[in-house]
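The values are calculated or read from the model by the stated rules, or taken from the named source; none is laboratory data. Because the structure is a prediction, the values reported are computed rather than measured. All Cβ positions, even for glycine, are placed from backbone atoms using ideal geometry, and neighbour counts span all protein chains on display. SASA here: full protein model, heavy atoms, side chains in, ligands and nucleic acids out. Shrake-Rupley method; radii C 1.70, N 1.55, O 1.52, S 1.80 Å.
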Amino acid sequence: MFEKQPETLQQRVKQLATQAIQQSNPTAWFDVLYSESHGDVTQIPWAKLTPHPYLQDWLTTHNPQGEGHSALVIGCGLGDDAEALANKGFQVTAFDISPTAVNWCQQRFPDSSVNYVVADLLALPSQWHQAFDLVVESRNIQALPLSIRSTVIASVASVVTAQGTLLVITRFRETELVPEGPPWPLSNSELTQFTELGLDEVSRVLFYEPERVDIQQLRIEYQRQS
Ligand SMILES: C[S@@+](CC[C@H](N)C(=O)[O-])C[C@H]1O[C@@H](n2cnc3c(N)ncnc32)[C@H](O)[C@@H]1O
């Protein structure tokens, strides 16, 4: 039986993600996609080779002085968000489950101060527990299915130090109904889990990408209660 060939990159992503979920390994497809791209960034739908504009905006507006502070970039992709934090003086660790992506970061930024490592958000090193002053979670939770969402959210929350900051950048859905994905936007009840885990919501900015004005997106800043 021949597998139906996808016509577009979006269909290929959906096919890979569906297969991975059927095999009870919903994170397995990311490295396949990075590997299949053979270094062609146009084959990675989320890669823009620039920091996320709403992370950049937060850094410009808040102008954090990163010297002496640690930062963690979750699911770092091709590394642009991590480099933006390093440029602000943070001591940055950036991780991704895909060895191909991490290798790609190291090739792109050979002189970087960022510590790029392969790690799994669902099985984090114990020494990362509440260890980072600034944590950036951009568009990773939404890339993982709802069946593991509360585990993923707990894992993201777990790395923020006392009084540390968590920035979440994500698609948002107003309904609690299960969405079509990937990506699977986050709902209010899912976001509430961060506050239940000891993180206060400090600010919430709603935005739309110019090319996707139909999709609500959020940048939420949380701070861990001391
Ligand atoms: C949609 S991409 C977003 C990448 C990047 N954060 C961005 O905004 O451009 C999701 C990223 O999360 C990574 N990822 C998925 N599951 C992961 C996990 N369990 N642990 C670490 N990284 C994961 C993927 O390899 C991929 O690079």
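Couple of notes before you dig in:
- The share of accessible area on the chain that comes from carbon and sulfur is 50 percent, using a 1.4 angstrom probe.
- Residue of S24, S37, S113 that the Gaussian network model of the chain assigns the largest fluctuation, springs spanning Cα pairs under 10 Å: S24
- Taking 10 °C and 1.306 mPa s as conditions, the chain diffuses translationally at an estimated 88 µm²/s according to Stokes-Einstein applied to its Kirkwood radius (Cα pairs).
- Sparsely packed GluC sites (Glu not before Pro) within the stretch 123-226, loop by DSSP, other Cβ within 10 Å at most 10: E174, E176, E180, E211
- Backbone phi angles across the stretch 164-175, fed through the Karplus curve with coefficients 6.51, -1.76 and 1.60 (θ = phi - 60°), yield HN-Hα couplings of x, 10, 10, 10, 10, 10, 7, 5, 10, 10, 7, 9 Hz in residue order; Gly and Pro are listed as x.
- GNM top mover of Q127, Q106, Q216 - the chain, alpha-carbon springs below 10 Å: Q127
- Using only side-chain charges placed at the Cβ, +1 for Lys and Arg and -1 for Asp and Glu, the dipole size of the chain relative to its Cα centre rounds to 140 debye.
- Relative frequency of Cα-Cα separations exceeding 13 Å in the stretch 141-210, percent: 67
- Selection from F90, L49, S24, by position along the positive dipole direction of the stretch 9-224 (Cβ): S24
- The charge dipole of the stretch 38-146, taken about its Cα centre with unit charges on the Cβ of Lys, Arg, Asp and Glu (plus for the first two, minus for the last two), comes to roughly 100 debye.
- Accessible area of the stretch 9-224 divided out per residue, in Å², using a probe of 1.4 angstrom: 46
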